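Heads up, the thing below is written out as structure tokens.
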Amino acid sequence: MIKTVSVDVKTLIPFPNKDISTAKLIQNKELINHFSAIITDIYDLNVISTELALDRLNALEQVADPTIKGVVFAGLGGIHTFVGNYISAFAAFHKSIDLVTNEEGLAVVYSELSSLLRKLGYRNEAITILQEALKYSQNEALIWRLNTQLGLCYKFSNSRKSIRILKRSLDYFYSVKNHVRAARILRHIANTYVVLGEYNKAIQIYDEALALADEHKMVIFKYELLNDRGWLYYLEKEFNRAEQIYLGILGFDPPPYQRSLVLQNLGCLEFDQDRFAEAINYHSQSLHLTTRYEMRDMAFEDYYKLGICHDKVGELDLADKYFSTGYHDLQYEINLELRILGFRKKLLYTYIEFLNRNKSLPNIDVNAEIFNFTMNKSMNDIRRIFHTNLLQLHLNRTKAAPELCQHLGIEPRTYFLHQKKLGLQRGPGIPDLIENNPYFLRYLDSIADMDWRGANQKFETDLFTFLLKHHQHNKKSIADSLKISYQQVLLKTKSKA
């Protein structure tokens, strides 16, 4: 029995004082889907019993077998690595390493841990633990998965070596007719050819992977492959072809992770063509998903791009809002002395440069700018203006009323009543449409993915938070301003200080 990590690797892994609760995970459908896929992959290896780890999330402490419990935590570490929640990932792997009691289980843990180390730039350490894991395992399928992970470690430092290693794994999985695993390795190989700038070879490999995805009904994986193809067109400056692919993926209504990838890539297309308002639109939609589903890697890209875009169009206070939100969210990772890479690093340095350029930046209250249209208006008038603008936004983004109603979760009859009451139509000339307030328009973008009920609840919560501050918590004054009863104000603000 081997249960140690090399000294060099052990010193890398910060063990934050953080308990890994599964309760929040269970409520996050996107993370559950990723977790389920990882655990299914692990069980396919037959290195632990067939007891369903997913069913044990609700009562993890009652699981008797420490290796099963350890593998569950490795799965948790894997999904947190995947979406960029590195603090939670490290804490999960800490528990996992302490729990697993056999070599095959430990090899599984090292396989997942290597992905985290690789993403944080600890390539040599990732290679070290993969080589150790290869010594532990006698499971043929696991050995070739570890070999695949080893190949990925060389993707940027020695791309030719990476491809050679990955092709050996590909040959194995083809030989055992594991076409799902083979398709994933083909994607890795194609992406590595992209790193080398050999786009024609990449396209050939993507096509081979797409054929497998179609044959074996790998729907979500196909979205990711198409997204890769779109990015290849982007690199070749074929923006129209890239846009066609991305909009086509959105038409399939992909899950949140794949949808955010597409929205971010559409934002890149618009940014590179100096269409900053359109880029803001796409990244705002993405940010709503990346923050809601705790996809931190992608959220930092959204904060960075939104800050850059607002800076480009002269909306310095909004640029400051997104830069500073991302910066403050990054502080915990900085304090733990984790390596700051990718868009985290870009955001950090760009925000510092932005502040140096704008030392006299006025301290504008963005919430006040969003809700300034509510001044001296009744609650009925405010709701009418909000409903007009929100429905008009969706009207312009959907092809027909049924699609709009499905997105908002309302009956067609309800929508048509609103349409008649508010005078909605496609195109310009809508009464009460707020076109000269970029703050409110960005706010609408931030809630555009919510259903009708959720958007209204969010708006009224934010409105009364603003009004409490504006009226210095004088609820009688708020009631008089909105022309509603004092009791209604008490009801709306009962949970607010």
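The values are calculated or read from the model by the stated rules, or taken from the named source; none is laboratory data. Quantities reported herein were computed from a predicted structural model and do not represent experimental measurements. Note that each Cβ is placed from the backbone with ideal geometry, even for glycine, and that neighbours are counted across all protein chains shown.
For S477, state whether it is surrounded by 19 or more Cβ atoms within 10 Å (Cβ to Cβ), among the polar types (S, T, N, Q), at pLDDT 90 or above and part of a helix (DSSP H, G or I). Answer is no for this residue. Among all residue pairs at least 6 apart or on different chains, which show Cβ distances below 6 Å where the first residue, located in the stretch 286-314, is within 15 Å of S324 (Cα to Cα) and the second is at pLDDT 95 or above and of a type in the set (D, E)? Pairs found: L287/D302.
Looking across the stretch 480-497, not a single residue is within 30 Å of P256 (Cβ to Cβ) and at pLDDT 90 or above. Kindly provide the set of residues from the stretch 380-409 that are at pLDDT 90 or above and not in a helix (DSSP H, G or I), ordered by number. G409 - this is the single residue of the stretch 380-409 that is at pLDDT 90 or above and not in a helix (DSSP H, G or I). Please go through the stretch 280-297 and give me each residue that is buried (at least 24 other Cβ atoms within 10 Å of the Cβ) and of a type outside the set (S, T, N, Q), ordered by number. Within the stretch 280-297, I280, Y282, H283, L287, M295 qualify.
Just to be sure I understand, how many residues within the stretch 331-353 are part of a helix (DSSP H, G or I) and out of contact with any helix residue (DSSP H, G or I) (no Cβ under 6 Å at 6 or more places or on another chain)? Here the count works out to 12. Of all residues assigned to the stretch 338-348, at least one qualifies as being free of Cβ contacts under 8 Å to residues at least 12 places away in the same chain, under 19 Å from the mean Cα position of the chain (by Cα) and not assigned by TED's automatic domain parsing to the domain that holds S485.
Determine whether A91 is touching a residue at least 24 places away in the same chain (Cβ under 8 Å), surrounded by fewer than 24 Cβ atoms within 10 Å (Cβ to Cβ) and in a helix (DSSP H, G or I). Considered against the rule, which asks whether it is touching a residue at least 24 places away in the same chain (Cβ under 8 Å), surrounded by fewer than 24 Cβ atoms within 10 Å (Cβ to Cβ) and in a helix (DSSP H, G or I), A91 comes out as yes. Looking across K359, K377, one residue alone is over 30 Å from the mean Cα position of the chain (by Cα), at pLDDT 90 or above and assigned to a loop (DSSP other than H, G, I, E, B). It is K377.
What are the residues in the stretch 291-315 that are touching a Phe, Trp or Tyr at 6+ places or on another chain (Cβ under 6 Å), of a type outside the set (D, E, K, R) and closer than 18 Å to K345 by Cβ, if any? Across the stretch 291-315, the qualifying residues are F300, Y303, Y304, L306, G307.
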